[in-house]
Amino acid sequence: MNVPLWVWLVTGAVILAFFIFDFYSHVRSPHEPTLKESGLWTLFYICVAVVFGGVVWAVWGHEHGIQFFTGYVTEQALSVDNLFVFALIMGSFKIPRKYQQKVLLIGIIIALVFRLVFILLGAAVIAAWSDIFYLFAIFLIYTAIKLIVDEIRDAPETNPNDMAIIKLVRKAVDVTPQYHGDKLTHRMDDGSKKGKFAFTPLFVALVSIGLIDVMFAFDSIPAIYGITSEAFLVFTTNAFALMGLRQMYFLIDGLLDRLVYLPYGLAVILGFIGLKLIDHALRVNSLPLINGGRPVELVPEPSTAVSLLVIVVTLVVVAVASLLRTRRRGGRPVA
């Protein structure tokens, strides 16, 4: 897949334009989005992603088109898991709902910039050392097992204030004790720090969301590289999934606690992709410890279409099973 530099630049400019449009049309004037508004804009960004996938299909062929859609669905699924942590951060900082859009949008932009760096670094490492797929696979399988173990043990939710990233941000900058509208900075007006420049809790929250989302990228980006080795597709699947994440947060905010089986579904998806990565790593193997450094082919390689089917079926089963369980319990999630 040959992607000229101008295509990268145009794609990046269009994605940036969407974020700017989002800011001036929805975020600049603080308000609490309605369910209808969130639903329509979520559908809009899904349609944008579908149109882009159609362009990829038409220009670079059906295989790359399927790779984009598979990666996009996978990223969307992993993004839903991110929303749980975002909700915890919003609650921990007691951010008024009408200001949450600004926190999410700017935090997501920060995350996307860092993800682009990781994606390009990942592409360079893969080009130089194909056996990195073994490490990707091990990490994804470990993450899948950890998701299941934590769910079985009913591990307590992490308090965002206990997260190292949030502690670091609070130590690095002065933070005002209260909010000042939707401002990110403020001049202290009382006490020994009167007149001193400081950041508001809103700033700390959005930086925390951006940096914590980067941590999630450590499993999502290897997962997408397990579907396609094209850095352009890895970046665009991440970008289009993140573009609609703010609207999705408000759309499914009330459903998050009802998706009780989501961790199991994500574990299945990450485990499946991890096994695919091991199979791929064996096919391009150069490690002397494995088959004398020669490639190994154990089973027929599953097509991208099969991968897409596995991921979609897993998500459908998880969603239906979760909603059926919570409905039997009167809408209350159970341990």
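Observations on the structure shown:
- Computed on protein heavy atoms with a 1.4 Å probe, the accessible areas place 59, 207 in the order 59, 207, largest first.
- Residue among 176, 34, 236 with the largest mean-square fluctuation in a Gaussian network model of the chain, springs linking Cα atoms under 10 Å: 34
- Accessible area of residue 167 in the full protein assembly, 1.4 Å probe (Å², nearest 10): 100 Å²
- Largest-first ordering by accessible area, 1.4 Å probe, given options 183, 146, 171: 171, 183, 146
- Rounded to whole numbers, the Karplus 3J(HN,Hα) couplings from phi for the stretch 67-75 are 4, 4, 5, 5, x, 5, 4, 4, 4 Hz, using 6.51 cos²θ - 1.76 cosθ + 1.60 with θ = phi - 60°, and x at Gly and Pro.
- Accessible surface ranking that places the most exposed of 32, 230 first, with a 1.4 angstrom probe: 32, 230
- Helix-derived mean residue ellipticity, 222 nm - over the chain, DSSP H n ≥ 4, -39500 (n - 2.57), to 500: -23500 deg cm²/dmol
- For residue 180 and residue 297, the FRET efficiency from 1/(1 + (r/R0)^6), where r spans their Cβ atoms and R0 equals 45 Å, is about 0.15.
- Over the chain, accessible surface divided per residue gives 49 Å², non-protein components excluded, 1.4 Å probe.
- The chain: Lys pairs at Cα distance under 22 angstrom, eight or more positions apart or on different chains: 20
- The fraction of accessible area contributed by carbon and sulfur in the chain is 68 percent, rounded to a whole number (1.4 Å probe; ligands and nucleic acids excluded).
The values are calculated or read from the model by the stated rules, or taken from the named source; none is laboratory data. What you are looking at is a predicted structure, and each value in this text was computed from that prediction instead of being measured. When we count neighbours, we look across all protein chains shown, and the Cβ atoms used for this are built from the backbone with ideal geometry, even at glycine. Heads up: the accessible areas ignore ligands, DNA and RNA and are worked out on the full protein's heavy atoms, side chains in. Shrake-Rupley method; radii C 1.70, N 1.55, O 1.52, S 1.80 Å.
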